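Comments concern the structure below.
The values are calculated or read from the model by the stated rules, or taken from the named source; none is laboratory data. Computed from a predicted structure; not experimentally measured. Reconstructed Cβ throughout: ideal geometry from the backbone, glycine too, with neighbour counts over all protein chains shown.
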Amino acid sequence: MHNCRATKTILIELAAGDANQLPGEFKNCAACREEFAALKNVLRAADTAIHLAQPAEGFWPGYHERLRERLQKSQPTSGWLPPKFSMIHWFRKALTTSIRVPVPAALALLVLLVFSIFFAMQTRRASSAGSILTPPSIITKTVEVPVFQEKVVTRVVYRSIQKPSREVTAREVARTRDYRQAESAVTTQGLEGFKPANQAKVTLINGSYRNEK
Amino acid sequence: MTENEAELIKRAQAPDAEAFCQLAGRYGRRIYSLALHYCHDPQDAEDLSQEVWLKAYQAIGTFRHESGFYTWIRKITINCFLNRQRSSFFRWRKLTAQLTGDQIDNAEPALQVPSFEASLNNRILVAKVMGALAQLTPRQRLIFLLKHHEGMTYEEIATAIGCSTGTAKKAVARALTKLREELNVELPPNECVPCAAGEY
């Protein structure tokens, strides 16, 4: 059912547009026809007023003279540049270019951006925590250290010399004499020409002492 | 773009102020008229339109012949108007229907005057139209002027202003409603009902 109130906005659009005649739906409605004609009259009156408000011819020479004076004082800021070399223009255009994005798409992009930032932060935090928990890597290096296995052992040897008692028998005396002779022979001859060895061979038996390593 | 105009643009880009003045002479009236209906004051309109030409002169080096010269100038004009609207620089003078003849004479000394009676009627009409436009926001007024003064499509207006096509349509509809109220055009008497004439 045709409703004049509902179609009022359409009539305004039609009148404001270039349409001079109503479409078929509205032609059969007298109210719509009158409304459309009234709107067209309003627009015609507005156009007439706009045209009438133009200044008279005598206004323009003075206007152009004033404009010429202002233009003479002003100079183009950057002079003339061939279009292909005007990088500033391209840079400015790149900075100021905008595109229209539907609101749902913009919201979806925004949510995606927020989630990506969130996940990036989470991943970074997890990786940093993982790096703390993992044991440090062991690098095995063989370093040659000179080991001196030579040992100089100084040993003091005590010898006990027993003197014979008075109640010794003749045999014992004889033995004692022999012993003394032998001892004197040893003391005089045995140590002569003795040279301590440069190397001493020490054999350590592990476990013979409590704290031996 | 005529060859002569292309030559003038090339000379203006040199820069040659005289060549640019000739270009301004070609389109100056349209820009001034637009400014006059936008800001409703002859002095402000002159300042605004000359500011447009000064900006165009300073930026003439960036004109790359991708569009017509007037389209380029109109873009600068719209930007100037919107910037001026933001800064609220110009004095807003409402030339409403209550103005007397003397006041109208003072407000617009340069109006065309064909005869006394016609002039009076015309001045009243102009005052009413300007009074109606004065009740709109500057943005709505600019959209209406671009539609009916410049003959731009809604899509072109939306691109130039930076709004949606629906907003442009609403602005024009609002301007029409205001004009209709101001010009005292009566609504049709049988406006109100769902009528049976258009049942489909």
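Can you pull out every residue in segment B:155-189 that is touching a Lys or Arg at 6+ places or on another chain (Cβ under 6 Å) and either small (Gly, Ala, Ser) or within 18 Å of A:Ile10 (Cα to Cα) (or both)?
Passing the criteria: only B:Val172.
State whether one or more residues within segment A:82-96 are modelled with pLDDT of 75 or more and β-branched (Val, Ile, Thr).
yes
Could you list all residues from segment B:114-155 that are closer than 22 Å to A:Glu57 by Cβ and among the hydroxyl-bearing types (Ser, Thr, Tyr)?
B:Ser115, B:Ser119
Looking at A:Ala15, is it in a loop (DSSP other than H, G, I, E, B) and at pLDDT below 80?
no
Report the residue count in segment B:64-75 for those that are within 19 Å of A:Trp90 (Cα to Cα) and surrounded by 17 or more Cβ atoms within 10 Å (Cβ to Cβ).
Number satisfying all stated conditions: 1.
Looking only at residues that are facing another protein chain (nearest Cβ under 7 Å) and part of a loop (DSSP other than H, G, I, E, B) in segment A:24-58, which one is nearest to B:Lys128 (Cα to Cα)?
Only one residue tops the list, namely A:Ala53.
Among residues belonging to segment B:140-167 that are part of a helix (DSSP H, G or I) and facing chain A (nearest Cβ under 10 Å), point out the one that is nearest to B:Thr77 (Cα to Cα).
If we take residues in segment B:140-167 being part of a helix (DSSP H, G or I) and facing chain A (nearest Cβ under 10 Å), then B:Leu145 is nearest to B:Thr77 (Cα to Cα).
List, please: which pairs have Cβ atoms under 9 Å, are six or more places apart or on different chains, and start with a residue in segment A:93-106 that is over 15 Å from B:Ala160 (Cα atoms) and end with one that is modelled with pLDDT of 80 or more and in a helix (DSSP H, G or I)?
A:Val101/A:Leu109
Taking the criterion of being at the interface with chain A (Cβ under 10 Å from one of its Cβ atoms), over 21 Å from A:Leu52 (Cα atoms), in a helix (DSSP H, G or I) and at pLDDT 85 or above, would at least one residue in segment B:122-139 satisfy it?
No, because not a single residue in segment B:122-139 is at the interface with chain A (Cβ under 10 Å from one of its Cβ atoms), over 21 Å from A:Leu52 (Cα atoms), in a helix (DSSP H, G or I) and at pLDDT 85 or above.
Mind checking which helices (runs of 4 or more DSSP H) fall wholly inside segment B:1-88 and carry at least 1 residues that are at the interface with chain A (Cβ under 8 Å from one of its Cβ atoms)?
B:17-39, B:42-58
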